[in-house]
Structures are given as C-alpha cells and as structure tokens.
Amino acid sequence: MNRDFKALLEMAVRLHGHLCGGQVIGVRMALAGLRELGIKEPKGKEGKDLVIFVEIDRCPVDAIIAVTGRTPGRRSIKMMDYGKQAATFVDARTSKAVRVSVKADAFEKAGQVARTLTGMKDEKHAQIEALATMAEQDLLSIRRVSVAVRPQDLPGEPLETCVCQKCGEAIKDMRQVGGNGSVLCKPCAVGDCYYKEIPGDIDN
Ligand SMILES: [Zn+2]
Ligand SMILES: [Zn+2]
C-alpha cells in the first residue's frame, strides 16, 4: 500500500483501536466517496456540507469517520441500521450524492490476491495488503444516487424543540409524533422502547 494510504489507515486504527480489514475497507470507501464528490480536504471548508449515511454499525464506520472528520454528534454521520457494508456520501449544498458499497464477493477476491503476495508477516497482513491494493472495481460498487436530506436532519441549530405530553422529556429536531394538538415522543407514541425502567436506588 502507498504512503498516503498507510497514513490514513494509521489514523483510522488510532480511532478504532485495532488494525482490521474493516479499517482498510472503510478508508477505501471514504476515499472513493470523497473523490466522486470532488472533495480533497474533507476536514477543511470543502467538507462542511458533507453528510454521510452509513448502513452498518461495524468497523468500517470508524475508518470513514477518521478519514472524513464527520461524526454522529455533528449530525454529519447518519446511522442506517441495514447491516450492509455501504455508505452514501452527500454534498448537502449541491445534493450530489454517491453510494459506495462493498461487493459481496470482495473478500473472496481479496483472498485470491492475498495468496499471490509474498513476504507478508502472516495471513492477516496478507489479507489487509490485498484489501488495500486490489482493484477498486473488485472491491467497491459506486453509484450516483439522490438523497433528500430533510432540513431537520442537517447539521446546525435544532429547528424546533418541544416537550412530550406523556413523559415530559424534551424532543429536538422534529422527532415528535402527533397531530391534533398532541405531542408525543416516539416511544410514548408507539408504547414501546428499547429500555424498561427499573424502580430502585437511583432516583434523581
Ligand atoms: Zn475492526
Ligand atoms: Zn414521551
């Protein structure tokens, strides 16, 4: 792998905590997305309007964050829980968007490349080198797409904050459900939530 790529990979590994194939794939996905949008310095002014929809909550996401400087807390990484190694890079100013996905047989092809490499420390490093250097068209599928990013999903100040009439908690960014004068947060509206409260020792 070349020096520039290695430097990006090292940055990803620092954030992610270990070197893995996912970091290599994430760096390559990010580079492809940025290239297609014509963004050379995503952490500078050029990247200000970049919003990325990631379709999996696994290793490559950290590499995409490391390379692009986008984060969920700044609303520039959107987590779509599809379980797919794919991400869509959107320039929210121009609406230009490109979806980059990992081909289903990419690992098999990387394995074939890895077996031809010599002088590798071990199998893992051969696989990583293969993922880093294999032809882009064997690893990634890249498509122009259109994404309607809603105003309430964009970075910046919340457009609106209201209070749920049932639980009394504040809701930002127009995530309330309701109509006819009722305002409810999503869990109160559907009567289901990912957690259940346990009455007990913490009571603030
Ligand atoms: Zn990993
Ligand atoms: Zn509520």
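Worth a mention:
- VAL27 among the aliphatic types (A, V, I, L, M), more than 16 Å from THR133 (Cα to Cα), under 15 Å from the mean Cα position of the chain (by Cα) and assigned by TED's automatic domain parsing to the domain that holds VAL145: no
- In this structure, ASP62 does satisfy being open to solvent by 20 Å² or more (accessible area, probe 1.4 Å), within 8 Å of the chain's Cα centre (by Cα) and more than 22 Å from GLY38 (Cβ to Cβ).
- Count - residues of region 1-50 that are in contact with an Asp or Glu (Cβ under 8 Å, 6 or more places away or on another chain) and open to solvent by less than 10 Å² (accessible area, probe 1.4 Å): 6
- Failed item in (1) within 17 Å of LEU131 (Cβ to Cβ); (2) in contact with a Gly (Cβ under 8 Å, 6 or more places away or on another chain), with GLN85 passing the rest: (2)
- Residue ID - least open to solvent (accessible area, probe 1.4 Å), chosen from residues in region 164-185 that are of a type in the set (Lys, Arg) and more than 10 Å from ligand 2 (Cβ to nearest atom): ARG175
- Any hit, region 91-99, residues being of a type in the set (A, V, I, L, M), open to solvent by 40 Å² or more (accessible area, probe 1.4 Å) and in the same structural domain as GLY44 (by TED's automatic domain parsing): no
- Residue count, region 17-67 (criterion: basic (Lys, Arg) and closer than 28 Å to GLU123 by Cα): 2
- Taken together, the residues in region 146-178 that are over 27 Å from GLY69 (Cα atoms) and basic (Lys, Arg) amount to 1.
The values are calculated or read from the model by the stated rules, or taken from the named source; none is laboratory data. Only a predicted model underlies this, so the values are computations on that prediction, with no experimental measurement involved. Because the Cβ atoms are built from the backbone with ideal geometry, glycine has one as well, and the counts that use them run over all protein chains shown. Heavy atoms of the whole protein, side chains included, go into the accessibility calculation; ligands, DNA and RNA do not. Shrake-Rupley method; radii C 1.70, N 1.55, O 1.52, S 1.80 Å.
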